[in-house]
Amino acid sequence: ALVLALDVVLPVPSGPLNTLAGAQLGAGLATLVCWVGMTAGAVIAFAATRRWGAAAAAWLVSEAQLANAREVSGTASAWLLLASRPVPVLAEATIILAGLIGVPWLSFVRFVAAGNLVVAFVYASVGHWASLGRWLAPALIASAVAPLLLAVLVRSAARRRRFG
């Protein structure tokens, strides 16, 4: 849980870590431990961004641009928080954006906690199942590669959407 909470400041491969936790702790306990760690890290990053991020953002963008981001994001930001949980880099970026644009705490926690629960459950279950069938090594590799492929697909889709 602590290592996953540090994902905010360290590049922690959460997929393989969650999968390994499932193999070692069982699906249920691993889901809980991984969910707590991932959610704690997200809450820490969100709180820090809410507290100090706006001042830092003022150096990078104008208040009008930030207001525009708040307006455009609306409820979409909450759903983006949910959907981005399994995507490396995007998951962290959405937390920072949510803090900068002032997503309400309740929305943030609700959507991030739900998304993290799904991610933790899937990886922990895969790890537990794979360990029973002695397929842990391939499951660990898949849990490392799958999020990277997902990130590439998201980036490609965003690029196509932006450039028509």
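The values are calculated or read from the model by the stated rules, or taken from the named source; none is laboratory data. Everything numeric here is computed off the predicted structure, so don't read it as measured data. Cβ coordinates were reconstructed from backbone atoms using ideal geometry, including for glycine residues, and neighbour counts include every protein chain displayed. Note: accessible area is taken over every heavy atom of the protein model, side chains too, but ligands, DNA and RNA are not part of it. Shrake-Rupley method; radii C 1.70, N 1.55, O 1.52, S 1.80 Å.
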Of all residues in the stretch 82-120, which are buried (at least 20 other Cβ atoms within 10 Å of the Cβ), at pLDDT 85 or above and part of a helix (DSSP H, G or I)?
I95, A98, G99, F108, F111, V112, G115, N116, V119, A120
Pairs, first of a type in the set (S, T, Y) in the stretch 82-108, second open to solvent by 60 Å² or more (accessible area, probe 1.4 Å), C-beta under 8 Å, six or more apart
T94/L80
Within the stretch 17-34, identify whether any single residue is at pLDDT below 90, among the small types (G, A, S) and in a helix (DSSP H, G or I), and answer yes or no.
no
Would you please list the contacts, defined by Cβ atoms under 7 Å and residues six or more apart or on different chains, that run from a residue in the stretch 24-41 that is of a type in the set (S, T, N, Q) to a residue that is open to solvent by less than 10 Å² (accessible area, probe 1.4 Å)?
T31/A120; T31/A124; T39/V112; T39/N116
